[in-house]
Amino acid sequence: MKKLLNKRIFAVALALVMVFAMASVSFAAEKTNGTVHVNIYVQEVDRMGTSPVQTVLTTTPIQVTVQSGQSVKDAINKAVAEKSGLLTTAEWTGNFLKSATYDGVNYINEDSYSYDETTHENVYDGLSWMYFVNTPDNMPQSTNDYPTVSMGEKLLTSDASVTLSFEALEYRWK
């Protein structure tokens, strides 16, 4: 009798799990076909010293709506096309932001590579556009914690805040 009761309880629990699983898959599919709202922030960061110096340029985020499954690049291009903020141009090299004009100032990637004979290290020194999915208040402290995919590859499937970060940094490796 006890075995039969345990089997029935297990069957009911399994049925409930299956119902909830199907409902969440249905919800996810519905969101993928919808739109997402994106808040875009712009900042400058100087990582040349011992700790990053962050200057947030966007006091009010640039707001755009894109189709779910579109990329960060698509959201940026839409913001530029709609003239929905102070971001007025965006130039791309493939999926990577090469330059952008914000509040009349053109921010252009500048890269240089060298070799330090004293420390025997390769050195990257440059200015480049980076991004992370969050607000400027939640900026990763290390560039190693930034997304590993380009802006053109990062797909947006839910409402998000994206921070475009123009960063000055030096990176060394052996």
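The values are calculated or read from the model by the stated rules, or taken from the named source; none is laboratory data. No experiment lies behind these values; they were computed from the predicted model shown. Using ideal geometry, Cβ is built from the backbone for each residue, glycine included, and neighbour counts are taken over all protein chains shown. Side chains included, ligands, DNA and RNA excluded: accessible areas come from the protein's heavy atoms. Shrake-Rupley method; radii C 1.70, N 1.55, O 1.52, S 1.80 Å.
So how strong a dipole does segment 35-173 carry about its Cα centre when Lys and Arg Cβ are +1 and Asp and Glu Cβ are -1, to the nearest 20 debye? Before the final figure, lay out the partial values.
On the way: 7 positive and 18 negative charges, 118 e Å.
Once rounded to the nearest 20, the dipole reads 560 debye.
Shown here for segment 43-116: trypsin sites (Lys or Arg not before Pro) in loop regions (DSSP other than H, G, I, E, B) with at most 11 other Cβ atoms within 10 Å, namely Lys83. Between amide H atoms placed 1.01 Å from N, distances below 5 Å from Val162 occur with Asn39, Ile40, Tyr41, Asn134, all of them 5 or more places distant or on a separate chain. Annotation: extensible slack from Thr118 through Asp159 equals 9.9 nm (criterion: 0.36 nm per residue apart, minus Cα-Cα distance). Based on C-alpha pairs under 8 angstrom that are at least 6 apart in sequence, segment 114-174 has a relative contact order of 53 percent. Note on surface exposure: Trp129, Trp92 rank Trp92, Trp129 by accessible area, highest first, 1.4 Å probe. Accessible area of Glu117 (1.4 Å probe, protein heavy atoms only, ligands and nucleic acids ignored): about 130 Å². Computed from the C-beta positions of Thr88 and Val149, the FRET efficiency with R₀ = 35 Å rounds to 0.85.
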